[in-house]
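> Input: one structure, supplied below.
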Amino acid sequence: MMLRYAPLALLLLIACLSPEDVEKGDVSTKASDSEHIPNRHADVVFYNVENLFDVKDHPRKDDNDFTPNGRNEWSQGRYEKKIQNLGRVIQSMDHGDGLPVLIGLAEVENEDVVEDLGEFIASGSYGVVHHESQDRRGIDLALLYDRSRFELLDDEAEPISFSQNGYTSRDILHVHGRLDGEEVHLYLNHWPSRREGRSETEHRRLDAARTLKMMVDQVKDSESSVIILGDFNDYPDNRSMTEVLDARPSDSPESSELINLAYAPHMADKGTYPYKGDWGMLDQAIVSDDLMDGKGLELTQEGLEIHWREFFLFYDKKYKEFKPNRTYGGPRYYGGYSDHLPI
């Protein structure tokens, strides 16, 4: 199949414990017991799943549209189909070396829906990290993690400090753990949208970037790696990324402790979210520079990919290209997957 838009698959691929590391003694005691330890790969994924709500009416959330009697006529059958659709997308990321180890999710209503998704993907395999956020509609961030390879040490939801009085949004989810024995700090983000205009809302995303920068700075002197994932509603070359967070492309002449892996596909006019014929690289993966030094955890050559398969796309006749097959377009139910491609 020929696509006008030929996306990458947005997975962060990490290799752990190479044979060279074993010879140098740069691995844990358990790992050094074996003379020949193959590279282990860990797929680290982020996916904005587009309004994964259950069918219940939660009084403290503005979720009426996603109830059986609401505008979207959200039923148990539609919910179960949504879980199956999203699960199939994530299962399609197994290229023969296993399912993703870490799956960051945006736009989930609660822990129950995340558990349902994890059970569909691989029953009993995934643990869940979720915190209720201050988002008005009740859409949060969450993490599914492979219990056999990721040891959860701590997690917290950090509210964003907004300069605009009374404004609230999703928290930043910080997860601290060990991936195959190597310490990692993971930050999941879903920053304020551009719905009211890019320039009119930029100050909110700058506030979010300042909060994230503060969180990352608190751990930068530790011996752990940093992985930042999210739907930032900004592009890799926007001020929030380059000036506040100081996340730069790997080939930047200016040194930075944070490398934005989404910069290259962005400059190649690729993206994860289509809008009026243009693809935007809103979903991004940013890593600490130690993941590129060839020691311990390291980024593989593939780096960042945008994941797509024909079964979760549709052909847009107006723009003459393939796009993500979403669940809803306004109140119209399409029964699809998500309006974003996963990374």
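> For segment 138-168, enumerate the residues that are more than 25 Å from Ile90 (Cα to Cα) and assigned to a loop (DSSP other than H, G, I, E, B).
Residues satisfying the conditions are Pro159, Ile160, Ser161, Phe162, Ser163, Gln164, Asn165, Gly166, Tyr167, Thr168.
> Now, a different point. Looking at segment 78-122, which of the residues that are of a type in the set (Lys, Arg) and crowded, with 17+ Cβ neighbours inside 10 Å is nearest to Leu144 (Cα to Cα)? Please lay out each step first, then the result.
Our first condition is that a residue be of a type in the set (Lys, Arg); within segment 78-122, this holds for 78, 81-82, 88.
Retained after the next criterion (residues that are crowded, with 17+ Cβ neighbours inside 10 Å): 78, 82.
Numbers: Arg78: 22, Lys82: 17 Å.
Ranking the qualifying residues of segment 78-122, first place goes to Lys82.
> Considering only segment 214-255, state which residues are in a helix (DSSP H, G or I), among the aliphatic types (A, V, I, L, M) and touching a residue at least 24 places away in the same chain (Cβ under 8 Å). If you could, list the steps in order and put the result at the bottom.
So the first thing to find is which residues in segment 214-255 are in a helix (DSSP H, G or I), and the list is 214-217, 239-244.
From what's left, among the aliphatic types (A, V, I, L, M): 214-216, 241, 244.
Listed by number, the residues that qualify are Met215, Val216, Met241, Val244.
> Is it true that Arg88 is part of a helix (DSSP H, G or I) and either within 27 Å of Trp308 (Cα to Cα) or not polar (S, T, N, Q) (or both)?
Yes: the conditions hold for Arg88.
> Let me ask you something else. What number of residues within segment 292-319 are outside any loop (DSSP other than H, G, I, E, B), under 23 Å from Pro236 (Cα atoms) and not hydrophobic (A, V, I, L, M, F, W, C)?
5
> Let me ask another. Find the residue count for segment 166-223, including only residues that are among the hydrophobic types (A, V, I, L, M, F, W, C) and closer than 20 Å to Asn51 by Cα.
Of the residues in segment 166-223, 4 are among the hydrophobic types (A, V, I, L, M, F, W, C) and closer than 20 Å to Asn51 by Cα.
> A further question follows. Would you mind stating whether Phe322 is touching a strand residue (DSSP E or B) at 6+ places or on another chain (Cβ under 9 Å), surrounded by 20 or more Cβ atoms within 10 Å (Cβ to Cβ) and either assigned to a loop (DSSP other than H, G, I, E, B) or among the hydrophobic types (A, V, I, L, M, F, W, C) (or both)?
It is true that Phe322 is touching a strand residue (DSSP E or B) at 6+ places or on another chain (Cβ under 9 Å), surrounded by 20 or more Cβ atoms within 10 Å (Cβ to Cβ) and either assigned to a loop (DSSP other than H, G, I, E, B) or among the hydrophobic types (A, V, I, L, M, F, W, C) (or both).
Just so you know, all these numbers are worked out from the coordinates, no wet-lab data involved. Source: prediction; values computed, not measured. Don't worry about glycine lacking a Cβ; one is built from the backbone with ideal geometry, like all the others, and counts go over all protein chains shown.
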